[in-house]
Amino acid sequence: HDTVSRLATLFQNLPGMAYRRENRESWPMKFVSDGCLELSGYSRDDFEQRRVNWGELIHPDDRDRVWREVQTAVDAGDAFEFEYRILTRSNEERWMWERGRAVNSQLDQDIRLEGFVSDITDRKRAEMALVEARNFFEAVVDTAADAVITIGANGVIETFNRAAQQMFGYTLEEAQGENVRVLMPGPYDTEHDHYIARYLETNDARIIGSGR
């Protein structure tokens, strides 16, 4: 009884949902923790009484992929871990991260899945917003009339817009991955790495930050 009580307290405080379910395509739950309500809008009773099954909530575009990944892990005896979308009771699309493994039932020969699911919607939205912002930045830079080049702290060219390609005669593929000193005449080409290192160390814009 103490063990059950401790587990119940643990599950209540987890930011997600622990589960045990049958390894069938609809993935009916044998057990699910109370976190299911916050994740999906459905209660423990909804799942454990089979009024709804977890597999039915997985977004149709993700359902086949998730099923295949789980079965591959089960066949190999490995744990599985992936991200996918569900549609909640209110038809809201939310991103889930899940990790689990297959276990053999002591009562029959059926395979059970045990694991944990947590909501990563905020993280995924932030990632997608970052990608969208980066794509917008790249589109603006690429259409700029002036040559725009960005480099890493090691001096390696990362972006090289169309105006830069016209100015220097290199294609994007030729320029990316090269040190920016390939665009410089001597003696600046041999000294530029030192200029970058000094600027990074002191934040003092002497050569870096001045016209050359």
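Scanning the range 49-89 for residues that are surrounded by 13 or more Cβ atoms within 10 Å (Cβ to Cβ) and of a type in the set (A, V, I, L, M) yields Val52, Leu57, Ile58, Val66, Val70, Ala73, Val74, Ile86, Leu87. For Ala102, the conditions (1) in contact with a Leu (Cβ under 7 Å, 6 or more places away or on another chain); (2) touching a residue at least 60 places away in the same chain (Cβ under 8 Å); (3) open to solvent by 50 Å² or more (accessible area, probe 1.4 Å) all hold with the exception of (3). The condition of being at pLDDT 90 or above and either in contact with a Phe, Trp or Tyr (Cβ under 6 Å, 6 or more places away or on another chain) or of a type in the set (Lys, Arg) (or both) holds for only one of Ile120, Ile157, that being Ile120. If I filter the range 130-137 for residues that are more than 30 Å from Trp95 (Cα to Cα) and β-branched (Val, Ile, Thr), do I get at least one hit? Looking through the range 130-137, none of the residues is more than 30 Å from Trp95 (Cα to Cα) and β-branched (Val, Ile, Thr). Where helices (runs of 4 or more DSSP H) fall entirely within the range 110-212, those with at least 1 residues that are surrounded by 14 or more Cβ atoms within 10 Å (Cβ to Cβ) and free of Cβ contacts under 8 Å to residues at least 12 places away in the same chain are at 162-168, 172-175, 188-202. Residues in the range 171-198 that are out of contact with any Asp or Glu (no Cβ under 8 Å at 6 or more places or on another chain) and under 28 Å from Phe136 (Cβ atoms): Thr171, Leu172, Glu173, Glu174, Ala175, Gly177, Glu178, Val180, Leu183, Ile196.
In the range 88-109, of all residues being assigned to a strand (DSSP E or B) and of a type in the set (A, V, I, L, M), the one that is farthest from the chain's Cα centre (by Cα) corresponds to Val103.
The values are calculated or read from the model by the stated rules, or taken from the named source; none is laboratory data. None of the values given here were measured: they were computed from a predicted structure. We place every Cβ from the backbone using ideal geometry, glycine too, and count neighbours over all the protein chains shown. Areas reflect the complete protein model, heavy atoms only, side chains present, ligands, DNA and RNA absent. Shrake-Rupley method; radii C 1.70, N 1.55, O 1.52, S 1.80 Å.
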